Structure formats: C-alpha cells, structure tokens
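The values are calculated or read from the model by the stated rules, or taken from the named source; none is laboratory data. Keep in mind that this is a model prediction, so the values were computed, not measured. We place every Cβ from the backbone using ideal geometry, glycine too, and count neighbours over all the protein chains shown. The protein model used for the area step is the full one, side chains on, heavy atoms only, and it has no ligands, DNA or RNA in it. Shrake-Rupley method; radii C 1.70, N 1.55, O 1.52, S 1.80 Å.
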Amino acid sequence: MLEGRELSKNEVRRRLENARNRCPEKTSQLGKTLFELGDELNLDIPSSCGRNGECHECVVEIANGIQALNERSDSESFLKEPYRLACQARVVAEQPLVFSPLRRRPKILAAGMKKDNLLLEPMVTRREDRVYYGEKDIDHYRGRLLGIAVDLGTTTIVAELIDLESGQSIERVSFENPQKFGGSDVMHRISYDGGEHRGELTKSLIKGT
Ligand code: FES
C-alpha cells in the first residue's frame, strides 16, 4: 500500500496506468529500492545484471525527494543529480518521492514527411539478381532490400525500416534518448564523455536500443 488505506481495484488500475505514462508520484517506502517501488507501480525499468549495479541500464530521474535516498554507491559514480540507479537507490527517509525511468515506452510516430518528390539514392542497390554496395558486389538478391534510417536526437531517437527499392516505410519507432543523464544538449554530452566516465553514453545507447 502506498498511502496506508485500502484502494479499490479500479483505483489501483488507474494509478498503475498513470505511472506508465507519467512520472510516478508516490509516498516513500523505507528500506525499498526504487527498482522495488517501480515494480509496485508496474514501471518498465530496464536491467540486464540482476539488479546488482553492473549494467547501468536502470537509470532513473528523481524529480522530487532525492534527499530521502541513501548515499550513492560506487557503481553510480558516473551519474550526477538528479539521476540514480534504481537498483542502488534505497529509501531511507519518509518523504514524498517522484521518479521516472529514462527510457519510456516507445511511441510510434503518426506521420512522416511527404515523399512524392524524394529522390531515392540508396548505397545498396539491386542489379539483376545481385546486390551492390556502391560498385561492390556484396550478395545475391533475397527478394527484398531493406535499410534502417536513424535520427539520433538528443531528446528522442527515431528509427525507420525502409524498403530501399520502393522507398516505402515498413515500420517506424521512437523512444527517449537514454543518454539524458549526460546532459540535456550535445555540448554537455561531449563534455561528459571527455571526462572520467568516457564510454558510458555509448554504452547506454547500445544497451538501450
Ligand atoms: S539493474 Fe543493472 S545497474 Fe541497476
């Protein structure tokens, strides 16, 4: 229980749905990690290390109540406020706490640009039953040529799977850039990557995607 009273099933369902879509707002739970609290709220916090501080995938942003958490562990030395690893941050004081995972649920973009006058010039092309990368023969034709276009934005990453022969979009996904903990703009991220935690940003991106 988050507020010391019985909640109806509908109320619990409504709160979980809110937690999925917005920063969860809740009362601290002494002794629990943010990962455990995230479990209670059904938050999708990534992990591939068994929650022991090794994978660095479970970064959460603390919007309120960071003073209610324990000291940073060594495995969080690459993070600055207001970011913590959900598996390492433990509640040590009763205080309203607001946190959210950096990587939120993917959002499908509803519409792209008009492609009527777009000239298709992919590096990978088909000639008869052969496939070329530029002038280099690289494979036999397998029935389809596909490419992925990636827009790596500081806030959002968009990837689109494209039929290279017709220019048709087959699938398109977007999600929040998990490098946010290194700063909100490119200059801060370059600076972060030039410091003692070099490589953490790239690592978070590869694991996050
Ligand atoms: S779950 Fe791997 S570092 Fe937190």
Hey, R84 outside any loop (DSSP other than H, G, I, E, B), within 14 Å of the ligand (Cβ to nearest atom) and charged (D, E, K, R) or not: yes
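Specify which of the listed residues (G50, G38, G31, G65) is at positive phi and open to solvent by less than 30 Å² (accessible area, probe 1.4 Å).
On the way: G50 fails: open to solvent by less than 30 Å² (accessible area, probe 1.4 Å); G38 fails: at positive phi; G31 fails: open to solvent by less than 30 Å² (accessible area, probe 1.4 Å).
Residue meeting the stated conditions: G65.
Yes or no, residue by residue, for (1) part of a loop (DSSP other than H, G, I, E, B); (2) touching a residue at least 24 places away in the same chain (Cβ under 8 Å); (3) surrounded by fewer than 11 Cβ atoms within 10 Å (Cβ to Cβ):
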| residue | (1), (2), (3) |
| --- | --- |
| Y132 | no, no, no |
| D151 | no, no, yes |
| G167 | yes, yes, no |
| R172 | no, yes, no |
| M187 | no, no, yes |
| R198 | yes, no, no |
| T202 | no, no, no |
| L205 | no, yes, no |
L85 vs. criteria within 28 Å of A159 (Cα to Cα) and either among the charged types (D, E, K, R) or at pLDDT 80 or above (or both): yes
Output the number of the condition that Q29 fails; it satisfies all remaining conditions of (1) in contact with an Asp or Glu (Cβ under 6 Å, 6 or more places away or on another chain); (2) more than 9 Å from the ligand (Cβ to nearest atom). (1)
